[in-house]
Amino acid sequence: MSFQVDLKKTKSETTQLTKVMETGGTSLSGTLINNSNVINPSILCHVSAETVAGYNYMEIGAFNRKYFITEITALTHDTCMVQGHVDVLSTYAGDIRNLTGVIARQENKYNLYLDDNLFKVDSRTIIQTVQNNASGG
């Protein structure tokens, strides 16, 4: 099965939800190598390794996923293997942005209305007895 692979370059952090791509890029045809999977694909491409050498990111529309390129291996002068690892944040960025929820913990801000067993709260009543020494007279 042959599919289209879009190679790109990015300088964005791996933990960034939406990656900023540099201009340019290339599309090529690739085939999934046996014993490979869509999470960590190994793709056989009929181009030279020099053609794909500068790229560090790829999109495969057939898998509906985006990948970090982890390794490029030259097999012959006109065939190379491109290995990748799925970029879960960018692949599911739209779904992640649409999530709603309650933040149970933050590093520096506490919400005393939420049950948090790591933040100790003392709810005992403090009674202070003060003697009145005032004399009338």
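Every number here is computed from the coordinates shown, using simple stated rules; none is lab data. All figures in this text were calculated on a predicted structure; none of them were measured in a lab. Note that we place each Cβ from the backbone using ideal geometry, even for glycine, and neighbour counts take in every protein chain shown.
Tabulated results
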| item | result |
| --- | --- |
| Footprinting exposure proxy for K19, K66 (fewest neighbouring C-beta atoms within 10 Å first) | K19, K66 |
| Contact order normalised by residue count of segment 2-93, Cα under 8 Å, 6+ apart, percent | 30 percent |
| Rounded FRET efficiency, nearest 0.05, which uses the C-beta distance separating E13 from I33 and R0 of 35 Å | 0.75 |
| Computed P(r) (all Cα pairs; the chain; 5 Å bins; percent) | 2, 8, 15, 15, 11, 8, 6, 5, 5, 5, 4, 3, 2, 2, 2, 2, 2, 2, 1, 1, 0, 0, 0 |
| Lysine pairs with alpha-carbon atoms under 24 Å apart, the chain, spacing 8 or more or separate chains | 8 |
| Radius 10 Å from Cβ of Y92, net charge of other residues (Lys, Arg +1; Asp, Glu -1) | +1 |
| Note, ³J(HN,Hα) from phi for segment 10-17, Karplus 6.51, -1.76, 1.60, rounded to Hz, x at Gly and Pro | 9, 10, 5, 5, 5, 8, 6, 5 |
| Sequence of Y113, Y92, Y55, Y67 once ranked by neighbouring C-beta atoms within 10 Å, starting from the fewest | Y113, Y92, Y55, Y67 |
| Helix-only [θ]222 nm of the chain, DSSP H runs n ≥ 4, -39500 (n - 2.57) each, per residue, nearest 500 | -1500 deg cm²/dmol |
| Residues D95, D122, D87, D78, sorted so that the one with the fewest Cβ neighbours within 10 Å comes first | D122, D95, D78, D87 |
